[in-house]
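Colleague: Mind having a look at this structure? Questions to follow.
The values are calculated or read from the model by the stated rules, or taken from the named source; none is laboratory data. In this text, all values refer to a predicted model and were calculated from it rather than measured experimentally. Cβ placement follows ideal geometry from the backbone for every residue including glycine, while neighbour counts extend to all protein chains displayed.
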There are 2 protein chains.
Amino acid sequence: MDNFVFYNPTKIIFGIDTENQVGEEVARYSKKILFVYGGGSIKRTGLYDRIVASLRKSQVEFIELPGVKPNPRLSLVREGIKICRDNQLDFILAVGGGSTIDTAKAIAIGVPYDGDVWDFYSKNVAPQAALPVGTVLTIPAAGSESSDSSVITNEEGWYKRGVGSELIYPKFSILNPKIASTIPKNHVAAGVADIMAHLMERYFTNTKNVELTDRLIESTMKTVINHAPVVIRDPDNYEAWSQLMWSGTVAHNNLFSTGRVGDWASHNIEHELSGIYDVAHGAGLAVVFPAWMKYVYKHDLNRFVQFAVRVWNVEEDFFNPEKTALEGIKKLEEFFISIGLGVYLEDLGIQDDRLEEMADKATNSNQRKLGNFVKLDKNDVYSILKLAKRG
Amino acid sequence: MDNFVFYNPTKIIFGIDTENQVGEEVARYSKKILFVYGGGSIKRTGLYDRIVASLRKSQVEFIELPGVKPNPRLSLVREGIKICRDNQLDFILAVGGGSTIDTAKAIAIGVPYDGDVWDFYSKNVAPQAALPVGTVLTIPAAGSESSDSSVITNEEGWYKRGVGSELIYPKFSILNPKIASTIPKNHVAAGVADIMAHLMERYFTNTKNVELTDRLIESTMKTVINHAPVVIRDPDNYEAWSQLMWSGTVAHNNLFSTGRVGDWASHNIEHELSGIYDVAHGAGLAVVFPAWMKYVYKHDLNRFVQFAVRVWNVEEDFFNPEKTALEGIKKLEEFFISIGLGVYLEDLGIQDDRLEEMADKATNSNQRKLGNFVKLDKNDVYSILKLAKRG
């Protein structure tokens, strides 16, 4: 187990009707805010009206910034920064999923910064200050509601890059699982893959003596595996949604990273898929992760056996660990397929003409290696993308 | 699953040599502090010297308040409050275990309060302000290093009572598992029982649909069960200590209470034991908890079967759930005995002449009921204490 610092000050307000507390929570910080959201879905479901009513009740003024898209764009971030500066707004409220929250976080570090906000994402420049951010989560997936990270796509070249900083932990996040019941099934499924990926990125580690976090991660995977099919089948099942939504947050609040080194190669590889093809991040992960596993499992067969047995209830073949390990990977694929996801590039409409380009971009022309469990160069990434092809 | 708010802003700094960061961390808050600790053990081990060196290096002045005892006393809290007021100290550093940290928290809420600090513990008065507290933990047990609670004993009448408030989350807690290696084995064992009790108090609930937190608690119990015997046998095993120490914190940081109602009757009953007989809190819990289980298990046999199977690897007798449940309770007793704890009142030197008095005190003369899993009146508590007698 490694030395670590764990600090996560986000206040989580969880449960039925909790969105009606948003005005009160915001008012602790500001009376004049930027209100960021995506498209019309929050208006159709009535969530927008409830948020506005709660803000008005607490005399919070707001300027709206709608239009956040999946794989959120740098241009909208810049627009948000300008609005905040022009109107002296000093708090960002995000109502939506990971893209909306990541946009809010980017605006939050961009406003007090003299340079270009993209510096934080592209140049290893660390933010020194940030406006406070609050969130109302609509879909369990990205975990951004209590994470210290933000991922933004720069349309000039379609680079998708991330930043991490303690400064961008949301001050509060409101989670009402009931709100999730109106999400289209394919978005739910992609969100589930994202949650699983956050858990697996942390799980596959070379750090020794990590029983506690191993088991905590396995527990959360099992809970996700048990409840995801329920919400897909029965979107009005509040109890299943509540298990899934809280799992999504816990998966990514960094408790499960304590004392261990995560991998994150699959995330980096996927960013090239969604950056270039604009597929949903979770849908991309459902394709990349099994391919990554098939490429690296021999590096630590025992860990893949543990994954198969403890997470997927695979009956261990004590004389053939490789068979057991591969059975676990197969179970993961079957799970993704069972909730409506594809596990091959072709399922995302991606042909093989740009695989090398993606491998090149992901590794900065073979200048950086990806991952920690196994360090991957450009050729490795290319091989993984080939493994992600059907047949 | 119930609605909940989860907020835990304590910064955890974990690992080898981390105590040398204490000066730097304290200096973010204050340059003139109260330094609370217990007896001579931190001097014998050299920890005291390292703390003092780190404080001096960061130009932090301090006044010492040594002398914290297990089941920490109100009189010392009052002394600490007076020292802080007389010398304008505005930060409390606790170096020790739960008793030292709870003393620091009590001083922290006492200093800015006009009335008597015991009001918070005895009269349902909520603290409105608190000095910041930081800790260097020496023994995994109480979980006070990242909890919102403090338990103090009033020597006038030997009442042991607790308070909970967001204001008393430590600002930081430093955990170096290496420091724990010099603790006497009986203290270690009592600490382990306390950790298990924190997990079990949360586990035994009537709240439905709590799979995630059920599994997270089970994971932590399994980790404690696997590593406690190792540190008892081999106190220099850093990796085992690190698993146990981090488990002790995670067990009590309230993540595992999210969306569910805990029980806490065993804690309340035990407080009368350690209040009157001054036994170690954990040693008392090892006696009370199995007796409580034997008294209540029929209330939700399924939960006790799950506990037996998932935590203790009991092979389920599908035709006799009661046998499976009782086997789980027996495994818990065997575990406590294996690490050197007694599971009967006689093992603590407690005879049966004051059982009724304790039942009476614990229930405020039958004016309050204890617990949530099963609500216990004075007679129930008396019956549980009788069950805690040998044979």
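Colleague: Which number in (1) more than 8 Å from every other protein chain (Cβ to nearest Cβ); (2) in contact (Cβ under 8 Å) with a residue 60 or more places away in the chain; (3) in contact with a strand residue (DSSP E or B) (Cβ under 9 Å, 6 or more places away or on another chain) marks the one condition that B:Thr45 misses?
Modeller: The number of the failed condition is (3).
Colleague: Output the residues belonging to segment B:225-278 that are in a helix (DSSP H, G or I), within 11 Å of chain A (Cβ to nearest Cβ) and closer than 23 Å to B:Phe4 by Cα.
Modeller: Result: B:Ser247, B:Gly248, B:Thr249, B:Val250, B:Leu255, B:Phe256.
Colleague: Return the pair list, or none, for Cβ contacts closer than 7 Å from residues in segment A:308-331 that are under 18 Å from A:Glu218 (Cα atoms) to residues that are surrounded by fewer than 19 Cβ atoms within 10 Å (Cβ to Cβ) and of a type in the set (Asp, Glu), at least 6 apart or on different chains.
Modeller: From residues that are under 18 Å from A:Glu218 (Cα atoms), the pairs are A:Val309/A:Glu316; A:Thr324/A:Glu316; A:Thr324/A:Asp317.
Colleague: For B:Ile12, only one of the following conditions fails: (1) more than 30 Å from B:Asn186 (Cα to Cα); (2) surrounded by 21 or more Cβ atoms within 10 Å (Cβ to Cβ); (3) within 14 Å of another protein chain (Cβ to nearest Cβ). What is its number?
Modeller: (1)
Colleague: Confirm whether A:Asn124 is polar (S, T, N, Q), surrounded by fewer than 21 Cβ atoms within 10 Å (Cβ to Cβ) and over 19 Å from A:Ser274 (Cα atoms).
Modeller: Taking the combined requirement at face value, the residue satisfies it.
Colleague: Can you pull out the residues in segment B:286-335 that are of a type in the set (A, V, I, L, M) and under 18 Å from B:Phe373 (Cβ atoms)?
Modeller: Of everything in segment B:286-335, those that are of a type in the set (A, V, I, L, M) and under 18 Å from B:Phe373 (Cβ atoms) turn out to be B:Val288, B:Ala291, B:Met293, B:Val296, B:Leu301, B:Val305, B:Ala308, B:Val311, B:Ala325, B:Leu326, B:Ile329, B:Leu332.
Colleague: Please verify whether segment A:24-33 includes one or more residues that are assigned to a helix (DSSP H, G or I), surrounded by fewer than 16 Cβ atoms within 10 Å (Cβ to Cβ) and within 14 Å of another protein chain (Cβ to nearest Cβ).
Modeller: The answer is yes, given that some residue of segment A:24-33 is assigned to a helix (DSSP H, G or I), surrounded by fewer than 16 Cβ atoms within 10 Å (Cβ to Cβ) and within 14 Å of another protein chain (Cβ to nearest Cβ).
Colleague: Let me ask something additional. Please specify each residue of segment A:52-69 satisfying the condition of being under 15 Å from A:Ile42 (Cβ atoms) and either surrounded by fewer than 20 Cβ atoms within 10 Å (Cβ to Cβ) or over 23 Å from the mean Cα position of the chain (by Cα) (or both).
Modeller: A:Val52, A:Ala53, A:Ser54, A:Leu55, A:Phe62, A:Glu64, A:Pro66, A:Gly67, A:Lys69
Colleague: Further, regarding this structure: B:Asp236 versus (1) without any contact (Cβ under 8 Å) to a residue 60 or more places away in the chain; (2) buried (at least 24 other Cβ atoms within 10 Å of the Cβ): which is the lone unmet condition?
Modeller: (2)
Colleague: Let me spell it out: the conditions are (1) under 22 Å from the mean Cα position of the chain (by Cα); (2) at positive phi, and A:Val343 meets all of them except one. Which number is the exception?
Modeller: Every listed condition holds for A:Val343 apart from (2).
Colleague: Do the conditions hold for A:Lys105, that is, is it assigned to a strand (DSSP E or B), among the basic types (Lys, Arg) and touching a residue at least 60 places away in the same chain (Cβ under 8 Å)?
Modeller: No, not satisfied.
Colleague: Still on this model: Would you mind listing the strands (runs of 3 or more DSSP E) fully within segment B:111-224 where at least 2 residues are more than 14 Å from chain A (Cβ to nearest Cβ) and in contact with a Ser or Thr (Cβ under 8 Å, 6 or more places away or on another chain)?
Modeller: The strands (runs of 3 or more DSSP E) meeting that bar are B:133-137, B:149-154, B:159-164.
Colleague: Still on this structure, please answer the following. Within segment B:332-352, which residues are closer than 17 Å to B:Met200 by Cα and either touching a His at 6+ places or on another chain (Cβ under 8 Å) or free of Cβ contacts under 8 Å to residues at least 60 places away in the same chain (or both)?
Modeller: Matches in segment B:332-352: B:Glu333, B:Glu334, B:Val343.
Colleague: Suppose we filter B:Ala190, B:Ala197, B:Ala141, B:Ala104 for residues that are crowded, with 17+ Cβ neighbours inside 10 Å and at pLDDT below 95; which single one remains?
Modeller: B:Ala141
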